[in-house]
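Below is one structure; the comments refer to it alone.
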Amino acid sequence: MKQIALDIGLSTGPTLSSFFAGPNELVLQHLRLWAGSPTRSPVPTYLWGPEGSGKTHLLKSVREALRSQGADCGWLDSSVAEPPEFREGWAVVLLDEVHLYTAVQQHAAFNWFVNAQTHQRGVLAAGSMAPAALQLREDLRTRLGWGHVFQLQVLSEPERRAVLRQEADARGIFLGDEVMDFMLTRFSRDLGSLMQLLDQLDGYALQTQRAITVPLIRSMLESL
């Protein structure tokens, strides 16, 4: 059955506390300590795993955690066509989607990496594959792999159901088994997309003063 991906904005940005770790608990603990320390280690950290494993969520969560402390961060992902120069005021450098980097982005990422090491700034990067498998310039690829490397696992279906149930309960929403089955078979199964879907459903249910049912979901899709 074809899955539907919705482009729905969250009411709040990703945070470390909203990340359901499941099998990725060690990664979450590492990032909490790293982001929360005023004297964080300059040893780089690299996260890798398939789509939907939470890589971007974690990088954006670290960025928000640092911003809440008044720290500025350098951010680079595949959508940044013209990366800026490294800034000494950055507390850390965050490199997302490194497996998709163009030659220009790889050059910028390498420059940021070298400057971050020179100025004892932290580097947190993420990609879809292990460092050794990345099709990047060698000097960047080897730097991404010499520090802490964590492989992220996608949550199992029971874990995704548990997260949905927990989040729905926190909102005072009842999700029946039929609704859960529909959400998990008809929409993107990564947790970020499911949380966005739940956020949209909550708003639509409040707007229409109806309980969340499969007909409500279909009605919402027709209104988009």
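Points worth noting:
- Unmet requirement for residue 125, which otherwise passes all of (1) assigned to a loop (DSSP other than H, G, I, E, B); (2) surrounded by 19 or more Cβ atoms within 10 Å (Cβ to Cβ); (3) hydrophobic (A, V, I, L, M, F, W, C): (1)
- Among (1) in contact (Cβ under 8 Å) with a residue 40 or more places away in the chain; (2) over 24 Å from residue 146 (Cβ atoms), the one test that residue 70 misses: (1)
- Every residue from the stretch 192-224 that is surrounded by 14 or more Cβ atoms within 10 Å (Cβ to Cβ) and not in a helix (DSSP H, G or I): 212, 213
- Taking the stretch 84-105 as the range and being under 23 Å from the mean Cα position of the chain (by Cα) and among the acidic types (Asp, Glu) as the test, the residues that pass are 96, 97.
- Filtered by the rule that a residue be aliphatic (A, V, I, L, M) and at pLDDT 95 or above, the stretch 133-165 gives 133, 134, 136, 140, 144, 149, 152.
- Residue identified as over 14 Å from the mean Cα position of the chain (by Cα), more than 24 Å from residue 30 (Cβ to Cβ) and surrounded by fewer than 19 Cβ atoms within 10 Å (Cβ to Cβ) among 81, 71, 108: 81
- Qualifying residues in the stretch 128-156 (those that are surrounded by 14 or more Cβ atoms within 10 Å (Cβ to Cβ) and small (Gly, Ala, Ser)) - the one nearest to residue 184 (Cα to Cα): 128
- Residue in the stretch 27-46 that is of a type in the set (Phe, Trp, Tyr), in contact (Cβ under 8 Å) with a residue 60 or more places away in the chain and either part of a strand (DSSP E or B) or surrounded by fewer than 15 Cβ atoms within 10 Å (Cβ to Cβ) (or both) present: yes
- Within the option set 105, 153, being out of contact with any helix residue (DSSP H, G or I) (no Cβ under 6 Å at 6 or more places or on another chain) and either over 22 Å from residue 57 (Cα atoms) or of a type in the set (S, T, N, Q) (or both) holds for one residue only, 105.
The values are calculated or read from the model by the stated rules, or taken from the named source; none is laboratory data. The model shown is predicted, which means the values in this text are computed figures rather than measured ones. Neighbour counts are summed over all protein chains in view; Cβ atoms, including those assigned to glycine, are modelled from backbone coordinates with ideal geometry.
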